Amino acid sequence: MSADPNRVLCCGENPFIRLSDTDGGPETTVASFSRNVLSPAGPGHVLYLKSPLTEGKWRIWSDNIAMTRCLQKTIQGMLNPELADLDIPVEEADFDKDGDPDRFYTEYVTAEDARLSLTWFDLGDPLMIHTQPGSGPGQRPYGVNTVLIPAAGTRLVLNGAEAPGRTWSREREGRPFGTSALAFCESWTEAR
């Protein structure tokens, strides 16, 4: 057994929800949640959300703005270039969770003018993904080691209104997957 030679950038959880009205159609809602226990800017939580519930604009909620901006400059900005925009306001929020990765899992976000819940259910078998920096789609500058748990069902609610669209089934490396998943034990790396 050998140690990964790359620098660990952050680690924690990064569940996501991607909804569309039709299978393969344009995404109507994109939500990326992070609970980091380690990052260059300390631990914290953040939710990036773009949906009809946010009038099609990105909204960001966090309890650590420095960590949020760090992710936008690195991993999150790479995964979704729209989120590299540091002019998107970050709203202060509190975070809580419920459930377990065997049955269902819910993340709660509470802010001054927003109450959100993100729920993943009908969970499938976990699969582990490990990529090195400089590999993967488009030769990504960051590597990742993560346990992905596909969710056949999801629900995202903002102030009592549910996001339209649904999660769709997919395959990943010959295994059942979906457009939404829990991502646990997730560590991102960059080359030294």
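The values are calculated or read from the model by the stated rules, or taken from the named source; none is laboratory data. Not measured: the values here are computed from a predicted model. No Cβ is skipped: glycine too gets one built from the backbone with ideal geometry, and neighbour counts run over all protein chains shown. Ligands, DNA and RNA are stripped out before the accessible areas are found, and what is left, the full protein with its side chains, is counted by its heavy atoms. Shrake-Rupley method; radii C 1.70, N 1.55, O 1.52, S 1.80 Å.
Numerical summary
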{"item": "Among (1) more than 14 Å from the chain's Cα centre (by Cα); (2) at pLDDT below 95; (3) among the small types (Gly, Ala, Ser) - the single one GLY178 does not satisfy", "result": "(1)"}
{"item": "Some residue of the range 19-29 being over 12 Å from the mean Cα position of the chain (by Cα), outside any strand (DSSP E or B) and of a type in the set (A, V, I, L, M)", "result": "no"}
{"item": "Yes/no for PRO141 being open to solvent by less than 90 Å² (accessible area, probe 1.4 Å) and touching a helix residue (DSSP H, G or I) at 6+ places or on another chain (Cβ under 8 Å)", "result": "yes"}
{"item": "Residues of the range 43-83 that turn out to be part of a loop (DSSP other than H, G, I, E, B) and either of a type in the set (D, E, K, R) or more than 24 Å from TYR142 (Cα to Cα) (or both), as a count", "result": "5"}
{"item": "Condition check for LEU38: among the aliphatic types (A, V, I, L, M), free of Cβ contacts under 8 Å to residues at least 60 places away in the same chain, surrounded by fewer than 20 Cβ atoms within 10 Å (Cβ to Cβ) and more than 21 Å from ALA183 (Cβ to Cβ)", "result": "no"}
{"item": "Identity of the residue in the range 1-12, modelled with pLDDT of 95 or more and open to solvent by 40 Å² or more (accessible area, probe 1.4 Å), that ends up farthest from PRO101 (Cα to Cα)", "result": "ARG7"}
{"item": "Residue satisfying all of: in the range 144-167; within 13 Å of PHE121 (Cα to Cα) and not aliphatic (A, V, I, L, M); surrounded by the fewest Cβ atoms within 10 Å (Cβ to Cβ) among these", "result": "GLY153"}
{"item": "Options VAL157, VAL109: the member that is in contact with a Leu (Cβ under 7 Å, 6 or more places away or on another chain), in a strand (DSSP E or B) and in contact (Cβ under 8 Å) with a residue 60 or more places away in the chain", "result": "VAL109"}
{"item": "Considering residues of the range 94-106 that are surrounded by fewer than 18 Cβ atoms within 10 Å (Cβ to Cβ) and part of a strand (DSSP E or B) only, the residue modelled with the lowest pLDDT", "result": "ASP100"}
